[in-house]
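Peer 1: Dropping the structure in here first, questions after.
The values are calculated or read from the model by the stated rules, or taken from the named source; none is laboratory data. All figures in this text were calculated on a predicted structure; none of them were measured in a lab. Here the Cβ is made from the backbone with ideal geometry for all residues, glycine too, and neighbour counts use every protein chain on show. Surface areas here come from the heavy atoms of the whole protein model, side chains and all, with no ligands, DNA or RNA. Shrake-Rupley method; radii C 1.70, N 1.55, O 1.52, S 1.80 Å.
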Amino acid sequence: MRSGHVHVKVPASAANLGPGFDCLGLALSLYLELTVEPLDGQGPHELVLEGEGAGTLPRDESNLLLKTLLEACTEHGFVPPRLRVKVVNAIPLRRGLGSSAAAFVAGRAAGHALGGAPLDRDGLLEEGLQYEGHADNVAPSLMGGFTVVYRYGDDIAWERLEPPPGVVAVVAVPAFELSTKRSRAALPDMVSREDAVHALSHTALAVAAVATGHPELLGRAMEDRLHEPYRAPLVPGFEAVRHAATAAGALGASLSGAGPSVVALSLRSATSDVAAAMTQAWKDVGVDSRALILDIEPKGLLVEPQDGIAQSMDRESA
């Protein structure tokens, strides 16, 4: 497009969903939005931040989003004019909701669009894998819905499923942060064969529950022995919050990604009870939290060039 105008919208994501470590993900109706427009005159690019992280994130080219945007432009041989980059972010940082993946996707997608390149979902997924080391958050942010991401030889690939109708996410977000690096450091290098088989069977059950439209199976499917037991000590009250969610009517609950947020999948009719139970369970152990009732975002990444023609990352537009 080689223009200074572009608008990008990227959803948050909940990864793993229990046993689907580094392979399952779900897009959520919570967004990072990015608008780019040219500025007159000389000087540095202007980065405007609103919402989550606005008071703490850098506003220069060390910012992940601006850095990746400019890098993508450079890869296409495009030196952008002075830009005004406005970011409105509703995704909490360091809470297991894919905030860094969303920022990376937004920056790269905007840079590719500014450089005149067409949207390439598989290319962006590969770029996300190189950046994050895993793509379970990147895939749902790109594709929307329920995603399975996997390695095929040296390649990264994905499949997308429509979530069961009527299923929404209740996300309990605690007041404390937990970095992915620290959460991953808690994991063992090896697990028992029994725990590996448990993870395989329950991940398969989660996919079957979504693919066949049987959400009642998600409660069993989201039970995990692969990573959650090792991360639980880093998330005070996790087990109480998870049990409170299911006792209040949730289909199933798990850590969202590396945590510390807990995501419960629920029928819409039960969401108020589930949200209240989860926040109360955290309050009982002295942790402040907030509950977000979110739809499962169906479209994933959306890019609107200057001509106003929106392009979503689906198989037809790639």
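Peer 1: Between 32, 47, which is open to solvent by less than 50 Å² (accessible area, probe 1.4 Å), part of a strand (DSSP E or B) and within 23 Å of residue 181 (Cβ to Cβ)? Steps first, please.
Peer 2: Details: 47 fails: within 23 Å of residue 181 (Cβ to Cβ).
The conditions single out 32.
Peer 1: In this structure, is residue 142 touching a Leu at 6+ places or on another chain (Cβ under 8 Å), at pLDDT below 95 and open to solvent by less than 10 Å² (accessible area, probe 1.4 Å)? Write out each step before concluding.
Peer 2: Details: touching a Leu at 6+ places or on another chain (Cβ under 8 Å): yes; at pLDDT below 95: no; open to solvent by less than 10 Å² (accessible area, probe 1.4 Å): yes.
No.
Peer 1: Please go through segment 263-276 and pick out each residue that is crowded, with 24+ Cβ neighbours inside 10 Å and under 11 Å from residue 246 (Cβ atoms).
Peer 2: Of all residues in segment 263-276, those crowded, with 24+ Cβ neighbours inside 10 Å come to 263-266, 274.
264, 265, 266, 274 - these are the residues of segment 263-276 that are crowded, with 24+ Cβ neighbours inside 10 Å and under 11 Å from residue 246 (Cβ atoms).
Peer 1: Given the criteria closer than 22 Å to residue 97 by Cα and of a type outside the set (Val, Ile, Thr), does residue 216 qualify? Lay out the reasoning, then the answer.
Peer 2: On the way: closer than 22 Å to residue 97 by Cα: no; of a type outside the set (Val, Ile, Thr): yes.
The answer is no for residue 216.
Peer 1: Conditions: (1) surrounded by 14 or more Cβ atoms within 10 Å (Cβ to Cβ); (2) at pLDDT 95 or above. Residue 157 meets all but one. Number of the miss?
Peer 2: Here residue 157 meets the rest and fails (2).
Peer 1: Checking the conditions here, which among 71, 37 is among the acidic types (Asp, Glu) and in contact with a helix residue (DSSP H, G or I) (Cβ under 9 Å, 6 or more places away or on another chain)? Before you say what the answer is, go through the steps one by one.
Peer 2: Values: 37 fails: in contact with a helix residue (DSSP H, G or I) (Cβ under 9 Å, 6 or more places away or on another chain).
After ruling out the rest, the residue left standing is 71.
Peer 1: Could you list, ordered by first residue, the pairs with Cβ atoms under 6 Å in which the first is in segment 126-145 and touching a residue at least 12 places away in the same chain (Cβ under 8 Å) and over 18 Å from residue 303 (Cβ atoms) and the second is assigned to a helix (DSSP H, G or I) and not basic (Lys, Arg), at least 6 apart or interchain?
Peer 2: Between residues of segment 126-145 that are touching a residue at least 12 places away in the same chain (Cβ under 8 Å) and over 18 Å from residue 303 (Cβ atoms) and residues that are assigned to a helix (DSSP H, G or I) and not basic (Lys, Arg), the close pairs are 131/104; 135/125; 135/128; 135/129; 137/101.
Peer 1: In segment 243-252, is there at least one residue being in contact with a Lys or Arg (Cβ under 8 Å, 6 or more places away or on another chain) and not polar (S, T, N, Q)?
Peer 2: Taking segment 243-252 and keeping what is in contact with a Lys or Arg (Cβ under 8 Å, 6 or more places away or on another chain), we get 252.
Narrowing the set further to residues that are not polar (S, T, N, Q) leaves 252.
Yes: segment 243-252 contains one or more residues that are in contact with a Lys or Arg (Cβ under 8 Å, 6 or more places away or on another chain) and not polar (S, T, N, Q).
Peer 1: Considering (1) surrounded by 17 or more Cβ atoms within 10 Å (Cβ to Cβ); (2) polar (S, T, N, Q); (3) more than 23 Å from residue 180 (Cβ to Cβ), say which one residue 256 fails and leave the rest.
Peer 2: (3)
Peer 1: Follow-up question, since we're still on this one. Could you list, in sequence order, the residues of segment 188-221 that are over 26 Å from residue 160 (Cβ atoms) and not in a helix (DSSP H, G or I)?
Peer 2: 188, 189, 190, 191, 192
Peer 1: Those residues that are open to solvent by 40 Å² or more (accessible area, probe 1.4 Å), over 11 Å from residue 195 (Cβ atoms) and without any contact (Cβ under 8 Å) to a residue 24 or more places away in the chain, I need them from segment 216-236; list them, please.
Peer 2: The one that is open to solvent by 40 Å² or more (accessible area, probe 1.4 Å), over 11 Å from residue 195 (Cβ atoms) and without any contact (Cβ under 8 Å) to a residue 24 or more places away in the chain: 217.
Peer 1: Suppose the filter is outside any loop (DSSP other than H, G, I, E, B) and either within 18 Å of residue 101 (Cβ to Cβ) or within 27 Å of the chain's Cα centre (by Cα) (or both); does residue 57 pass it?
Peer 2: Values: outside any loop (DSSP other than H, G, I, E, B): no; either within 18 Å of residue 101 (Cβ to Cβ) or within 27 Å of the chain's Cα centre (by Cα) (or both): yes.
Here the answer is no, as residue 57 does not meet what is asked.
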